[in-house]
Every structure is written in C-alpha cells, then in structure tokens.
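Only the coordinates and a few stated rules stand behind these numbers; no lab work does. Computed from a prediction, not measured in an experiment: that's the story for all the values here. Every residue, glycine among them, receives a Cβ derived from its backbone with ideal geometry; neighbour counts consider all protein chains shown.
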Ligand SMILES: [Zn+2]
C-alpha cells in the first residue's frame with residue numbers, strides 16, 4: 001500500500017487533514033439517494049442501529065480524556081505517548097493495556113476556526129461539517145497547549161495498521177477502535193484520501209475492509225467530493241453503513 005520511495009516520511013510533509021464522519025441516518029424514512037447527514041447519532045455496528053449516544057446495549061465504551069494543560073498529559077488512562085514506529089513521524093500513541101473494539105476516545109480538542117488555509121497548513125485540523133455536508137469549522141490542534149493527545153495519533157502507512165477511525169458526533173471528533181487492540185500497539189487513524197496522498201500513500205479502500213463501516217473523509221475544505229458521495233451511496237445501498245471518520249496527526 002505504500003509507495004516504497006516514500007517509506008520515510010518527514011514530519012513536515014504531514015499536511016493536514018481532516019476527517020469527518022457523517023451519518024446517514026434514516027434507514028427507514030429516508031430515501032436512499034437523499035443524503036441526509038446528522039452527527040447527532042452514533043452507529044453501532046453490532047446492532048446495526050443508530051443511537052443518540054453510546055449503544056444502550058453496552059456494545060460501546062468511552063475512555064475520557066484526562067484534563068491537563070498540555071496535550072501530552074491529557075492522554076487517557078492506559079495509553080502512552082512515545083516515539084512513533086513510523087520513521088520521521090515524531091511522537092505516536094501506544095496502548096499500555098488492551099482496549100476492546102468500539103471504544104471511543106476523545107473528543108479531539110483544539111482551536112476552532114473557519115480558515116481553510118490555516119487548517120491546511122496546520123496538519124492537525126479536522127473538518128467539522130454541518131448536516132448538509134458543508135464545512136462548518138475546523139478543530140485545529142496545532143498548538144499543544146490548546147489541544148489534547150489525539151493530535152499525536154498518526155496516520156498509518158498501510159491499511160492493515162489502521163485500528164481507529166474518526167467520527168463526528170455532536171460537533172466533535174472522536175476516535176473509535178475498529179477492533180480489539182492489544183497492549184503495546186501503536187494507535188493509527190486514517191486521515192483520509194487527500195491527506196494520505198500528501199503523505200505519498202495509496203488511498204485505503206474501506207469499502208472492502210470494513211463491511212459495517214463506511215468512511216467518509218473530510219478534508220479541509222471543499223472536499224465533500226463526488227468520491228465521498230459515491231462512497232456514501234454505495235454504503236447506503238449496501239445497507240447499513242454508517243460513517244466513520246478518521247483523524248490525523250502529524
Ligand atoms: Zn449495540
């Protein structure tokens with residue numbers, strides 16, 4: 001999945017990327033073609049249902065951020081920030097214990113602003129979209145004194161290494177575990193196709209990997225591209241997918 005000549009990624013080349021997730025809800029009353037997005041719901045891939053929070057059947061858990069003044073010290077219990085296994089990527093986030101699939105981390109914190117240019121230069125900004133799919137603002141974690149540990153989660157070099165997905169929920173971005181994660185693993189969240197491209201990586205194909213999860217990637221700006229739309233429609237018609245998102249880090 002990785003272009004060999006780009007194996008070593010300079011941190012400065014990490015652009016930024018955003019992701020976002022969108023939820024197409026309404027399997028019932030909504031026509032499949034109509035793109036209705038709302039981040040007021042979380043999808044449970046065990047139950048194949050949308051809920052207005054974590055699944056009431058106990059399928060999902062939440063690991064809150066730790067409060068602190070600097071991003072490094074906000075890391076949730078059971079996680080540690082150390083040198084990434086990705087050459088040139090700087091710091092990364094590692095597990096010190098096991099985390100079950102469907103554990104939510106977050107929210108991703110940072111400065112909120114509406115400048116696509118700043119977001120693009122930051123490398124740490126996630127896009128927040130409104131229900132219509134337009135960019136509403138960015139959560140920019142470029143300043144470690146005004147953000148938290150999620151900024152240190154790197155984009156994986158290959159799809160097999162991906163173990164988190166970024167999700168927009170109630171105007172915030174959370175990272176959700178895609179599978180059970182063992183102690184000692186580095187956490188990775190896909191930043192989206194545009195970001196991956198900037199890193200010299202091939203795009204990940206989530207339609208194949210995650211049958212229950214649909215990913216819509218947000219980009220900084222105008223990228224709710226036709227590609228994204230296509231994916232969402234595919235998903236919708238494939239039944240049950242929802243959306244997920246990814247995050248970035250630099
Ligand atoms: Zn459930």
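Okay, here's what the table says:
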| quantity | calculated |
| --- | --- |
| Gain on full stretching of the segment that runs from residue 82 to residue 64 - 0.36 nm per residue minus C-alpha separation | 4.5 nm |
| Sorted by Cβ density within 10 Å, fewest first, the residues 99, 105 | 99, 105 |
| In nm, spacing of pseudo-spin labels at residue 72 and residue 203 (7 Å Cα→C-beta vector) | 3.7 |
| Stretchable slack from residue 47 to residue 172, in nm (0.36 nm times residue separation minus alpha-carbon distance) | 42.7 nm |
| Proxy reagent accessibility, fewest Cβ within 10 Å first, across 188, 204 | 204, 188 |
| Footprinting exposure proxy for 153, 135 (fewest neighbouring C-beta atoms within 10 Å first) | 135, 153 |
| Å³ per residue enclosed by the Cα convex hull of segment 35-147 | 142 |
| Förster radius 22 Å - calculated FRET efficiency between residue 113 and residue 38 (Cβ-Cβ, nearest 0.05) | 0.40 |
| Extension gain from residue 179 to residue 100, taking 0.36 nm per residue of separation minus the Cα-Cα distance | 27.8 nm |
